[in-house]
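Report on one structure; see the data block that follows.
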Amino acid sequence: MIEIIATSPNDAKIIEKCGADRIELISAFSVGGLTPSRRIIESTLKITNIPVNIMIRPHAKSFVYTEKEIKAMKIDILTVKKLGANGVVIGVLNNQNEICESQLNELLTVCKDLEVTFHRAFDNLENKDKGIKVLSKYPQITTVLTSGGRGNITDNISTLKKLIQESKHIKIMVGGGLNFDNINRIIKETRGREFHFGTAVRYQKSPFANINEEKLKRLINMVNNLIFNNQ
(Lines give C-alpha, C1' and ligand atoms only; values in the text may rest on other atoms or scores of the structure.)
Protein backbone atom coordinates (compact mmCIF):
# COMPACT_ATOMS: atom_id res chain seq x y z
CA MET A 1 0.00 0.00 0.00
CA ILE A 2 1.43 3.33 -1.10
CA GLU A 3 -0.61 6.33 0.04
CA ILE A 4 0.11 9.86 -1.19
CA ILE A 5 -1.15 13.16 0.18
CA ALA A 6 -3.32 15.27 -2.12
CA THR A 7 -4.62 18.78 -1.53
CA SER A 8 -6.60 19.17 -4.77
CA PRO A 9 -8.36 17.26 -7.53
CA ASN A 10 -5.35 17.85 -9.79
CA ASP A 11 -3.06 16.24 -7.21
CA ALA A 12 -5.41 13.26 -7.07
CA LYS A 13 -5.34 12.82 -10.87
CA ILE A 14 -1.53 12.80 -10.86
CA ILE A 15 -1.34 10.39 -7.92
CA GLU A 16 -3.68 7.93 -9.62
CA LYS A 17 -1.90 8.26 -12.98
CA CYS A 18 1.47 7.50 -11.35
CA GLY A 19 0.24 4.24 -9.81
CA ALA A 20 -0.29 4.93 -6.11
CA ASP A 21 -2.80 2.78 -4.24
CA ARG A 22 -4.63 5.37 -2.16
CA ILE A 23 -4.96 9.11 -1.58
CA GLU A 24 -5.16 11.02 1.68
CA LEU A 25 -6.99 14.25 0.91
CA ILE A 26 -6.23 17.21 3.18
CA SER A 27 -6.07 20.98 3.33
CA ALA A 28 -3.46 23.08 5.16
CA PHE A 29 -0.56 20.76 4.33
CA SER A 30 1.96 23.01 6.09
CA VAL A 31 0.36 22.38 9.50
CA GLY A 32 0.00 18.63 9.10
CA GLY A 33 -3.38 18.63 7.40
CA LEU A 34 -6.91 19.80 8.18
CA THR A 35 -10.34 18.85 6.82
CA PRO A 36 -10.65 19.95 3.18
CA SER A 37 -13.69 21.83 1.92
CA ARG A 38 -16.77 20.00 0.68
CA ARG A 39 -16.15 21.38 -2.81
CA ILE A 40 -12.61 19.96 -2.93
CA ILE A 41 -13.79 16.60 -1.57
CA GLU A 42 -16.64 16.35 -4.04
CA SER A 43 -14.50 17.36 -7.03
CA THR A 44 -11.73 14.94 -6.08
CA LEU A 45 -14.04 11.98 -5.62
CA LYS A 46 -15.69 12.61 -8.98
CA ILE A 47 -12.44 12.28 -10.94
CA THR A 48 -10.69 9.55 -8.92
CA ASN A 49 -11.02 5.79 -9.21
CA ILE A 50 -8.59 4.78 -6.46
CA PRO A 51 -9.64 4.99 -2.76
CA VAL A 52 -9.63 8.43 -1.15
CA ASN A 53 -9.43 8.88 2.63
CA ILE A 54 -10.35 12.29 4.02
CA MET A 55 -8.61 14.05 6.90
CA ILE A 56 -11.06 14.98 9.67
CA ARG A 57 -9.24 17.56 11.77
CA PRO A 58 -10.78 20.94 12.64
CA HIS A 59 -7.66 22.75 13.86
CA ALA A 60 -3.89 22.39 14.20
CA LYS A 61 -3.53 23.60 17.79
CA SER A 62 -3.43 20.09 19.23
CA PHE A 63 -5.24 16.76 19.04
CA VAL A 64 -7.44 17.66 22.02
CA TYR A 65 -10.97 18.70 21.08
CA THR A 66 -14.00 20.23 22.73
CA GLU A 67 -17.39 18.56 22.52
CA LYS A 68 -18.49 21.20 19.99
CA GLU A 69 -15.51 20.31 17.83
CA ILE A 70 -16.31 16.60 18.10
CA LYS A 71 -19.88 17.32 16.95
CA ALA A 72 -18.49 19.25 13.97
CA MET A 73 -16.15 16.35 13.16
CA LYS A 74 -19.10 13.94 13.21
CA ILE A 75 -20.94 16.15 10.72
CA ASP A 76 -17.84 16.19 8.49
CA ILE A 77 -17.60 12.38 8.65
CA LEU A 78 -21.25 12.00 7.66
CA THR A 79 -20.68 14.43 4.79
CA VAL A 80 -17.67 12.60 3.35
CA LYS A 81 -19.49 9.28 3.71
CA LYS A 82 -22.45 10.66 1.76
CA LEU A 83 -20.09 11.94 -0.93
CA GLY A 84 -18.58 8.47 -1.34
CA ALA A 85 -15.16 8.59 0.29
CA ASN A 86 -13.35 5.35 1.05
CA GLY A 87 -12.45 6.34 4.59
CA VAL A 88 -11.55 8.96 7.15
CA VAL A 89 -8.36 9.89 8.99
CA ILE A 90 -8.90 10.84 12.63
CA GLY A 91 -7.08 11.09 15.96
CA VAL A 92 -8.17 12.26 19.40
CA LEU A 93 -6.08 12.63 22.55
CA ASN A 94 -6.69 13.91 26.07
CA ASN A 95 -4.58 16.39 28.01
CA GLN A 96 -2.37 13.56 29.28
CA ASN A 97 -1.40 12.59 25.71
CA GLU A 98 -3.46 9.40 25.87
CA ILE A 99 -6.10 8.26 23.38
CA CYS A 100 -9.41 9.85 24.36
CA GLU A 101 -11.60 6.79 24.12
CA SER A 102 -14.86 8.54 24.89
CA GLN A 103 -14.43 10.92 21.96
CA LEU A 104 -13.04 8.18 19.73
CA ASN A 105 -16.12 6.09 20.45
CA GLU A 106 -18.33 9.04 19.60
CA LEU A 107 -16.63 9.57 16.23
CA LEU A 108 -16.74 5.87 15.38
CA THR A 109 -20.52 5.81 15.80
CA VAL A 110 -20.79 7.64 12.47
CA CYS A 111 -17.96 5.80 10.67
CA LYS A 112 -19.95 2.73 9.62
CA ASP A 113 -18.88 1.47 6.16
CA LEU A 114 -15.78 3.70 6.20
CA GLU A 115 -12.16 2.65 6.63
CA VAL A 116 -10.66 4.47 9.60
CA THR A 117 -7.03 5.51 9.95
CA PHE A 118 -5.79 6.83 13.31
CA HIS A 119 -3.34 9.52 12.24
CA ARG A 120 -0.06 10.80 13.64
CA ALA A 121 -1.63 11.98 16.87
CA PHE A 122 -0.41 8.47 17.73
CA ASP A 123 3.18 9.78 17.72
CA ASN A 124 2.40 11.99 20.72
CA LEU A 125 1.54 9.00 22.93
CA GLU A 126 3.99 8.29 25.72
CA ASN A 127 3.08 4.58 25.70
CA LYS A 128 2.64 3.37 22.12
CA ASP A 129 2.25 -0.29 23.07
CA LYS A 130 -0.72 0.66 25.21
CA GLY A 131 -1.99 2.86 22.39
CA ILE A 132 -2.05 -0.03 19.91
CA LYS A 133 -3.87 -2.21 22.45
CA VAL A 134 -6.50 0.50 22.91
CA LEU A 135 -7.00 0.99 19.16
CA SER A 136 -7.12 -2.78 18.58
CA LYS A 137 -10.38 -2.89 20.54
CA TYR A 138 -12.10 -1.11 17.65
CA PRO A 139 -12.56 -3.25 14.51
CA GLN A 140 -13.40 -0.15 12.47
CA ILE A 141 -9.85 1.16 12.89
CA THR A 142 -7.91 -0.51 10.10
CA THR A 143 -4.71 1.54 10.03
CA VAL A 144 -2.41 3.57 12.25
CA LEU A 145 -0.26 6.19 10.50
CA THR A 146 2.94 6.74 12.46
CA SER A 147 6.57 7.77 12.24
CA GLY A 148 7.23 5.80 15.43
CA GLY A 149 7.26 8.87 17.66
CA ARG A 150 8.58 12.40 17.73
CA GLY A 151 11.75 13.47 15.93
CA ASN A 152 13.39 12.02 12.84
CA ILE A 153 11.75 8.88 11.52
CA THR A 154 15.09 7.08 11.17
CA ASP A 155 15.62 7.44 14.93
CA ASN A 156 12.36 5.55 15.48
CA ILE A 157 13.04 2.48 13.35
CA SER A 158 13.16 0.07 16.29
CA THR A 159 9.77 1.34 17.51
CA LEU A 160 8.28 1.03 14.03
CA LYS A 161 9.61 -2.51 13.65
CA LYS A 162 8.12 -3.51 17.00
CA LEU A 163 4.74 -1.96 16.15
CA ILE A 164 4.65 -3.73 12.77
CA GLN A 165 5.61 -7.09 14.28
CA GLU A 166 3.21 -6.93 17.22
CA SER A 167 0.10 -5.25 15.82
CA LYS A 168 -2.73 -7.67 15.09
CA HIS A 169 -5.60 -6.63 12.85
CA ILE A 170 -4.37 -3.03 12.61
CA LYS A 171 -2.01 -2.18 9.75
CA ILE A 172 0.92 0.06 10.62
CA MET A 173 1.40 2.64 7.87
CA VAL A 174 4.82 4.24 8.09
CA GLY A 175 4.83 7.95 7.29
CA GLY A 176 6.00 11.37 8.41
CA GLY A 177 9.45 12.14 7.04
CA LEU A 178 9.78 9.33 4.49
CA ASN A 179 11.89 10.26 1.47
CA PHE A 180 14.24 8.90 -1.21
CA ASP A 181 17.17 8.95 1.21
CA ASN A 182 15.67 6.81 3.96
CA ILE A 183 13.02 4.56 2.40
CA ASN A 184 15.50 1.80 1.50
CA ARG A 185 16.73 1.51 5.08
CA ILE A 186 13.24 1.76 6.58
CA ILE A 187 11.81 -1.00 4.36
CA LYS A 188 14.76 -3.30 5.04
CA GLU A 189 14.81 -2.77 8.80
CA THR A 190 11.09 -2.54 9.59
CA ARG A 191 9.80 -5.05 7.00
CA GLY A 192 6.85 -2.71 6.58
CA ARG A 193 4.45 -2.93 3.65
CA GLU A 194 2.36 0.25 4.08
CA PHE A 195 3.90 3.65 3.33
CA HIS A 196 2.65 7.23 3.28
CA PHE A 197 4.41 10.09 1.47
CA GLY A 198 3.88 13.84 1.43
CA THR A 199 6.49 16.45 0.60
CA ALA A 200 8.98 13.87 -0.71
CA VAL A 201 7.17 13.85 -4.07
CA ARG A 202 6.70 17.62 -4.41
CA TYR A 203 8.96 20.19 -6.01
CA GLN A 204 11.52 21.58 -3.54
CA LYS A 205 9.98 19.16 -0.98
CA SER A 206 7.59 21.98 -0.18
CA PRO A 207 4.00 21.53 1.08
CA PHE A 208 3.11 24.58 -1.03
CA ALA A 209 4.51 23.15 -4.29
CA ASN A 210 2.95 20.87 -6.90
CA ILE A 211 3.56 17.15 -7.17
CA ASN A 212 6.54 16.24 -9.34
CA GLU A 213 5.23 13.42 -11.56
CA GLU A 214 8.67 12.07 -12.40
CA LYS A 215 9.63 11.88 -8.71
CA LEU A 216 6.37 10.20 -7.78
CA LYS A 217 6.65 7.54 -10.49
CA ARG A 218 10.25 6.87 -9.51
CA LEU A 219 9.35 6.61 -5.83
CA ILE A 220 6.46 4.19 -6.42
CA ASN A 221 8.69 1.94 -8.56
CA MET A 222 11.42 2.09 -5.94
CA VAL A 223 9.11 1.16 -3.07
CA ASN A 224 7.47 -1.70 -4.98
CA ASN A 225 10.87 -3.11 -5.95
CA LEU A 226 12.25 -2.80 -2.43
CA ILE A 227 9.24 -4.54 -0.90
CA PHE A 228 9.43 -7.33 -3.50
CA ASN A 229 13.16 -7.83 -2.86
CA ASN A 230 12.72 -7.83 0.92
CA GLN A 231 9.84 -10.32 1.18
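The values are calculated or read from the model by the stated rules, or taken from the named source; none is laboratory data. A quick note: this is a predicted structure, and the numbers were derived from the prediction, not measured. Reconstructed Cβ throughout: ideal geometry from the backbone, glycine too, with neighbour counts over all protein chains shown. Note: accessible area is taken over every heavy atom of the protein model, side chains too, but ligands, DNA and RNA are not part of it. Shrake-Rupley method; radii C 1.70, N 1.55, O 1.52, S 1.80 Å.
Tabulated values for the structure
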item	result
Carbon + sulfur, % of accessible area of the chain - ligands and nucleic acids excluded, 1.4 Å	47 percent
Förster radius 25 Å - calculated FRET efficiency between Lys137 and Val31 (Cβ-Cβ, nearest 0.05)	0.25
Interchain or long-range residues, amide H under 5 Å from Lys171's placed H	Thr143, Val144
Within the chain, percent of DSSP bridges classed antiparallel, to nearest 5	10 percent
Student exercise, the chain dipole from Lys, Arg, Asp, Glu Cβ charges, in Debye to nearest 20	200 debye
Residues of the chain: accessible area per residue with a 1.4 Å probe, Å²	46 Å²
Sequence-distant residues sharing a close amide H with Glu194 (under 5 Å, placed H)	Val174
MRE, 222 nm, helices only [DSSP H, n ≥ 4, -39500 (n - 2.57), over the chain, to nearest 500]	-11500 deg cm²/dmol
Gain in span if fully extended, Asp21 to Glu98, counting 0.36 nm per residue against the direct Cα distance	24.6 nm
Cα-Cα separations in the chain greater than 21 Å, expressed as whole percent	53 percent
Listed residues Pro51, Pro36, Pro139, most fluctuating in the chain (Gaussian network, C-alpha, under 10 Å)	Pro139
DSSP loop chymotrypsin sites (Phe, Trp or Tyr not before Pro) with at most 15 other Cβ within 10 Å excluded, longest remaining stretch of the chain	1-179
Rounded to the nearest 10 Å², the accessible area of Asp76 at probe 1.4 Å	50 Å²
With at most 15 other Cβ atoms within 10 Å, longest stretch of the chain clear of loop trypsin sites (Lys or Arg not before Pro) (DSSP)	1-60
Region 1-73 - percent relative contact order, Cα under 8 Å, separation 6 or more	30 percent
